Protein chains: 2
Amino acid sequence: MKHKPEHVAVVGGGLVGSLLSIFLARKGMEVTLFERRPDPRSHSAYQGRSINLALSDRGWRALAAVGADAEVRRLAIPMYRRVLHREDGTLGYQDYGKEGQAIYSVSRGGLNRALLSLAETESKVRVHFGQRCVDADLEAGRLVFEDADAGRLEQRFDAVFGADGAFSALRSEMLRTDRFNYQQEYIEHGYKELSIPPDAEGHFQMEREALHIWPRGSHMLIALPNPDGSFTCTLFFAFEGPDSFAELTAPAKARVYFEQHFADALALMPNFDAEWAENPVSALCIIRCYPWVKGKVALIGDAAHAIVPFYGQGMNAGFEDCYELDRILSEHTDWHEALDAYQRERKPNGDAIADLALQNFIEMRDRTADPRFLLQKRIEARFNDRHPTLWTPLYSMVTFSDMPYAEALRRGKIQEEIMESVMKRPDIEALWDAPEVEAAILEACVRAFGHR
Amino acid sequence: MKHKPEHVAVVGGGLVGSLLSIFLARKGMEVTLFERRPDPRSHSAYQGRSINLALSDRGWRALAAVGADAEVRRLAIPMYRRVLHREDGTLGYQDYGKEGQAIYSVSRGGLNRALLSLAETESKVRVHFGQRCVDADLEAGRLVFEDADAGRLEQRFDAVFGADGAFSALRSEMLRTDRFNYQQEYIEHGYKELSIPPDAEGHFQMEREALHIWPRGSHMLIALPNPDGSFTCTLFFAFEGPDSFAELTAPAKARVYFEQHFADALALMPNFDAEWAENPVSALCIIRCYPWVKGKVALIGDAAHAIVPFYGQGMNAGFEDCYELDRILSEHTDWHEALDAYQRERKPNGDAIADLALQNFIEMRDRTADPRFLLQKRIEARFNDRHPTLWTPLYSMVTFSDMPYAEALRRGKIQEEIMESVMKRPDIEALWDAPEVEAAILEACVRAFGHR
């Protein structure tokens, strides 16, 4: 098929699937969106209990392209800086970017409901809930769904997008085909959610417009604000070993551990024991695969590249997939060539953000507790202020720009090497803002990037 | 379950499954062996058409442990050296090891039939053919099989071994469980089999007791002898690109290519056109996963660690799994601890032989054509002769020893660095057997390995 498909299926009505449906419908295709779960807007059972999400520039750009940004902004709380909670009870602060730059805390459930409603306002989008994809013929574009009453629906489409998440059913079908490369890799840490409710007057009990971190070396606790005055906290902790979930199965043991290491947080958690006992420990997986396109089916979002949550980029990367796919479709007349260009362009970026997310776990849990790391960040921020076209901190390239992730990763590595050599100066604490340090970075930049 | 299981299922009646059944039965367990295909001894359809196998010391050791070596030796042809077929038609030679050391060409089909017959002579082994494993409950040890008439058999076992190969059905079940790490990676090359028949008098048309290689840089042709006087040839060639299967779909084009690059082989292939047209191009996949044990099920052989065939170690590694599992079971009274020790010990070795096999592709297809590489091998062999306890060539550690693969990989890397520095001497061609070269290697060894 050379021409644009008429009937397209999007499998998965999560964040990426809902947004993608809008993009495709606006391109003139008839879109049928299939979601495994019941409609989250009428079934309170689905609360979107997973980690709060941090929406940043790449995500906003995609939302703005379909006019969804204004509505989403009402659900989002800006977080301008990291608040570091040290073990001794003192606090530290680290701005995410320049003045006014922020990442935005949103609940997965609220955002998903908003995007589904927007998708349904498109005349060319039809949404079917409670439809589990149980079989697929990738070459023919034929999909088989089962609903809760075990009714079967079989339908053929001109094109199919698998936006069905990290455990994608369509990707499972690809796994059976010849020469499909695939990797799923679990990290040694899992996570458990806890919560800090609002105080008696309904107010936030910690600084509101910030992401709170308790960095503890091999593990960490974080907290993101919710519009109701509460914080959703997430403990990232090893499954096994000395400091691990395996050691703290009983809430009483966990309480003792928190008293030692997260005392200020524990003091704000009246439901700690019950939440510890009831909330599950979830695993964290990195998924890489290629090709993303097989027969009539293309993968997008987590289905193509699931990553760990430590850069707050999983959703943003998926939204950027939609945005870039939309652009690529506009640039091609041949549908197959377009999809091939899509997978070739996005695959290295999916790999790069997977690596970056893993790196950032180490930064968050360990390096943010190090005064020298905070000094390095200050030097970088200062240099960036004075030479904004020469140097953008890695975090800002990833979070506050639309530079391809692969390019951000490449530049970030070079910049990190430059900063490591600058930090080796014996006098760096005193001279951090001196002209000679600035000159040294400038010279290293010119050598590395070949321009000033 | 702490104690040794009574009823054990082995899924997969290939080489590893057949041998494993014998080992387990000798330990006193009741073994049921399930094979998807019909009995290869009565169904001529199954010819074992895949690449000939090279049996070496690790494989022989496992076969000897169950007394199967004498019978297998009758099916095997020793290959003492590589015969290199250069593009100009001249030949070169490279011994595999010391005098008398050889790898052995066997046909997969013949070896499989022999091992199945041996397994059936065990009173505690029962073999069921034509049984496809379609479902498994890993925790309960419950397996569901379907036969050709779609009859279903469901049975519960105390323990299950998945010896069902690179595309293991049991591993597919593990893939759905939490925290199972998995990778399947296809290399860019595929392979096609061709053949060189015996001459009119039934004799071999090339040197019999050798592995023939046509090294051509990015690709290669190899040939292994069969007892009937023929050679099974295998072309390893890229799927896509300038020199690739995609370019040579028509036999006429392939013939022109062979006339240019493999003229002496083509001259011995009367059925070239038909074989080129009919024989499939098969893909080559590396599979890594962990854990190997989930619930009552343990993976073994290719199901746990499928590798590329370039070191001739796939079957040998699987046979060594059986041998080492047998030893580990003897050393433990607790069954779970034994299986855990098995996976912990064998996993790094599975990873190492996967890496080694990929490395050896480059050595075979590219480096064997380089006179300097052959010189390096001569220097190594000479040093090994004079200091056999200090230095064993990597190929010999892998092929002619029972050193763990991971240790062979580690030592091999150090030795390669030493040889690279020796080969940099400007006078090395003249001085290759001089005392000063020997002294330099000796000194480097002492530095690297800390002893003489």
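For the reader, a short list of remarks on this structure follows.
- Count - residues of region A:261-274 that are open to solvent by less than 30 Å² (accessible area, probe 1.4 Å) and in contact (Cβ under 8 Å) with a residue 60 or more places away in the chain: 4
- Checked against the criteria, residue A:167 counts as surrounded by fewer than 17 Cβ atoms within 10 Å (Cβ to Cβ) and within 14 Å of chain B (Cβ to nearest Cβ).
For every residue, the table says whether it meets (1) in contact with a Lys or Arg (Cβ under 6 Å, 6 or more places away or on another chain); (2) open to solvent by 20 Å² or more (accessible area, probe 1.4 Å); (3) more than 22 Å from residue B:237 (Cα to Cα).
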| site | (1), (2), (3) |
| --- | --- |
| B:259 | no, yes, no |
| B:281 | yes, yes, no |
| B:288 | no, yes, yes |
| B:310 | no, no, no |
| B:345 | no, yes, yes |
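- Output for region B:290-308, where each listed residue is in a helix (DSSP H, G or I) and open to solvent by less than 30 Å² (accessible area, probe 1.4 Å): B:303, B:304, B:305
- Per the conditions (1) under 30 Å from residue A:184 (Cα atoms); (2) modelled with pLDDT under 95; (3) acidic (Asp, Glu), the sole criterion not satisfied by residue A:228 is (1).
- Output for region B:417-432, where each listed residue is part of a loop (DSSP other than H, G, I, E, B) and surrounded by 12 or more Cβ atoms within 10 Å (Cβ to Cβ): B:425, B:432
- Verdict on residue B:281 being out of contact with any Asp or Glu (no Cβ under 7 Å at 6 or more places or on another chain) and within 14 Å of another protein chain (Cβ to nearest Cβ): yes
- Exactly one residue out of A:441, A:414 is touching a residue at least 24 places away in the same chain (Cβ under 8 Å), among the β-branched types (Val, Ile, Thr) and open to solvent by 10 Å² or more (accessible area, probe 1.4 Å): that is A:414.
- Scanning region A:62-96 for residues that are at pLDDT 95 or above, open to solvent by 60 Å² or more (accessible area, probe 1.4 Å) and under 23 Å from residue A:394 (Cα atoms) turns up A:80, A:81.
- Residue B:222, sole failed condition from (1) away from chain A (no Cβ under 14 Å); (2) part of a loop (DSSP other than H, G, I, E, B); (3) open to solvent by 10 Å² or more (accessible area, probe 1.4 Å): (2)
- Subset of region B:200-213 that is outside any loop (DSSP other than H, G, I, E, B) and in contact with a Pro (Cβ under 9 Å, 6 or more places away or on another chain) - its residue that is farthest from the other protein chains (Cβ to nearest Cβ): B:210
- Scope region B:104-119; condition open to solvent by 10 Å² or more (accessible area, probe 1.4 Å) and within 30 Å of residue B:382 (Cα to Cα); matching residues: B:104
- Candidate set from region A:170-199 (those that are more than 9 Å from chain B (Cβ to nearest Cβ) and over 21 Å from the mean Cα position of the chain (by Cα)); member that is modelled with the lowest pLDDT: A:177
The values are calculated or read from the model by the stated rules, or taken from the named source; none is laboratory data. A quick note: this is a predicted structure, and the numbers were derived from the prediction, not measured. Glycine gets a Cβ as well: all are built from the backbone with ideal geometry, and neighbour counts include every protein chain shown. The accessibility values were calculated without ligands, DNA or RNA, using every heavy atom of the protein model including side chains. Shrake-Rupley method; radii C 1.70, N 1.55, O 1.52, S 1.80 Å.
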